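Asker: Take a look at this one; I'll ask things after.
Laboratory data are not the source of any read-out in this text; all were calculated from the coordinates shown. Predicted, not measured: the structure shown is a model, and the values here were computed from it. As a convention, Cβ positions derive from the backbone with ideal geometry for all residues, glycine included, and neighbour counts pool all protein chains shown.
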Amino acid sequence: MFVSSKSRAQAALIATSVLLSASSSSFVHASPSEPLNRRATTCNGSPDLCNRSFGNVTFVGAHDSYAVGINNLAANQDYNITQQLNDGIRMLQMQAHNLNGVIQLCHTSCSLYNGGPLSTYLGTVKTWLDANPNEVLSLLIVNSDDLPPTEYDTVFKGAGLDTMSYAPPSASIPATQWPTLGSLIDSGKRLLTFMDASADFTSVPYIIDEFTNIWESPYDVTTTFDCSVNRTKGDSTTEMYLINHFLDTLILGQPAPDPSQANQTNAVSGTNSLGAQFELCASQYGRNPNFMLVDFYEYGGGSVFEVAATANGVTYSPTTPIATPIPQGGSSTTGSGTAGSGTPSPNSAVSMTTRWTTVWVLFSSAMLGAWYVV
C-alpha cells in the first residue's frame, strides 16, 4: 500500500511525541536487563505496584524475624517466617553470628537466643519465594561478627537464592533510581539483600551495603518514636530510609521487647503508634518511609499492613485473616532453629527455668558491657 510523504511525517511526529512523553514519566526506569514486554500484572498483591519503583514503596519488616517464641525476653515475634510472609511481611531482618564456623541467627548472643543456622532460614525463604512468584522480598542482615560477604554467598548459593538475588549496577543507588517491582519480578531477581557491615560490591554484588543505600531512625526506643537520622554512611536526603518502630521495656536496666504495648505500638493512629510515626516522618522528609520494622507484627489485627497499604495508595483487603497474638503463658514456636520452619505449629511454652536463664544472661551481658540489641 502506498503511504504519502505527509503520512510518514505525521507518523514520525507521533512516535517522537510518544518517546518524549515516556522519557518525562515520573516512574523510575528499569535496569538495562529489564525485559521489554512486561509480564507481571500483579506485584506484591496489587497491579498498581508493578510500575512503582522499589524505592517508592513502603514495606513492613519483621524486626529480628528469626527470634520467635513467647515467655522469652529475647523473642520479638510470635510466629515463624513462613507465617510472617503469608501475612504480608516483606522485609525480614535478622542478626547473624559466627558459631563455630557456622553462620547462626542469634539474638545478641547464641547463649541468649539461638534461632538456628542461616542455611535453614534461607531454605524456608526459597520455598516461600518459589510458591509466590509475584512477590518482591527484602532481607536485612545485621552482620554481628563482620564476616566477609563471600561466606554469606556460599550459604545463599546452597539455598539457591543467589540466582534470585538482585545485584544493583553500583554499590549505592539513590531512592529514585531503583528498578520497578514489575521489572524485578520479570527478571526473576525478586530478592534484595542488605547488610549493615562489611558488604563488598566487588566480591558479592547482590549483598548490598545498607547504610550507603538506607538510613535508619533510632532503635531500642523505650519512650517516644522520632524520625531523626540515627545511622547512615551516605546522603540521607537521597537514600531510602527505614523507621525502627518497636517499643522496648527496660529489664535490669537493659531494653527488651515489650509485647504488652504492641496493640497500640502497631496501631494505625494514636499516641506513639506506627501510623503516627509514619505521618511524622513523611511530613518531615517529604517522602514516605521505605521500610517499617516492627515487633509482634500481628498485634493490631493487621494495622501495620494497613499503614503500608495507605502509604502505597492501595487498599488493604487480605483474602484470609492474619495470625492472632499468642498470649504470654500460651504456646508457640520458640528458638533453637524453629524460626524458619514451614508451619507455625506450636511447641510447648518456654519453661520458667528458660525464662530466668534469659534474665540471667541479660544481667550477665549488662554487667560485662556486652549487651546490644538491634
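Asker: At 7 Å along the Cα-to-beta-carbon direction for both Thr315 and Leu99, put a label point, then send me their distance in nm to one decimal.
Answerer: The modelled label-to-label distance comes out at 4.5 nm.
Asker: Another question about this same structure. Modelled label-to-label distance, Thr41 and Thr324, 7 Å Cα→beta-carbon offset: nm?
Answerer: Distance between the two pseudo-spin positions: 3.7 nm.
Asker: Something else now. Could you give each residue of the range 156-164 its phi-based ³J(HN,Hα) in whole Hz, using Karplus coefficients 6.51, -1.76, 1.60 with θ = phi - 60°, and x for Gly or Pro?
Answerer: In residue order, the calculated couplings are 4, 5, x, 8, x, 9, 4, 6, 9 Hz.
Asker: Here is a further query. I want to verify the translational diffusion coefficient of the range 225-272 in µm²/s; compute it with Stokes-Einstein, Rh as the Kirkwood radius over Cα pairs, at 25 °C and 0.890 mPa s. Could the numbers behind the result be given before it?
Answerer: Numbers: Rh = 13.0 Å.
Answer, rounded: 189 µm²/s.
Asker: Can you give me the distance in nm between label points at Ala131 and Ala282, each placed 7 Å from the Cα along the Cα-to-Cβ direction?
Answerer: For Ala131 paired with Ala282, the spin-label model returns 3.2 nm.
Asker: In µm²/s, what is D for the range 49-368 at 37 °C and 0.692 mPa s, where D = kT/(6 pi eta Rh) by Stokes-Einstein and Rh is the Kirkwood radius from Cα pairs?
Answerer: Roughly 167 µm²/s, to the nearest whole number.
Asker: Further question on the same structure: Please sort 64-74, 146-156, 257-267 by packing, taking for each peptide the average over its residues of neighbouring beta carbons within 10 angstrom, highest first.
Answerer: 64-74, 257-267, 146-156
Asker: Here is a follow-up. Given 25 °C and 0.890 mPa s, compute D for the range 144-298 with the Stokes-Einstein relation, Rh being the Kirkwood radius over Cα pairs; round to the nearest whole µm²/s.
Answerer: The Stokes-Einstein estimate is 143 µm²/s.
Asker: I need the peptides 183-193, 228-238 ranked by packing, meaning the mean over residues of other C-beta atoms within 10 angstrom, with the highest value on top. Intermediate values should be presented prior to the final figure.
Answerer: Details: 183-193: 21.7, 228-238: 14.5.
The peptides rank, most packed first, as 183-193, 228-238.
Asker: Then there's this: For a quick check: with amide H placed at 1.01 Å from N, whose amide H comes under 5 Å from Gln93's, ignoring anything fewer than 5 positions away on the same chain?
Answerer: Ala62, Asp64, Ser65, Leu140
Asker: Taking the inverse of the average 1/r across all pairs of different Cα atoms in the range 87-229, what Kirkwood radius in Å do you get?
Answerer: Numbers: mean 1/r = 0.0623 Å⁻¹.
When all Cα pairs of the range 87-229 are included, the Kirkwood radius is 16.0 Å.
Asker: Also, quick follow-up: If amide hydrogens are placed 1.01 Å from N in the peptide plane, which non-local residues have theirs closer than 5 Å to the one on Val136?
Answerer: Distant-sequence amide H within range of Val136: Asn44.
Asker: Using a Förster distance of 25 Å, how high is the FRET efficiency between Thr271 and Asp220, based on the Cβ-Cβ distance and rounded to 0.05?
Answerer: For Thr271 and Asp220, the calculated efficiency is 0.85.
Asker: Residues of the range 59-101 with amide nitrogen under 14 Å from the 7 Å Cα-to-Cβ point of Ser198?
Answerer: Answer for this model: 95-101.
Asker: With θ set to phi - 60°, apply the Karplus curve 6.51 cos²θ - 1.76 cosθ + 1.60 along the range 62-78 and write out the HN-Hα couplings as whole Hz, x wherever there is a Gly or Pro.
Answerer: Values, residue by residue: 9, 5, 6, 4, 7, 7, 9, x, 10, 6, 9, 5, 9, 8, 10, 9, 8 Hz.
Asker: For Thr193, what residues show an amide H to amide H distance below 5 Å, using hydrogens built from the backbone and excluding near sequence neighbours?
Answerer: Amide H to amide H, under 5 Å and 5 or more residues apart or across chains, Thr193 pairs with Leu139, Tyr166, Ile208.
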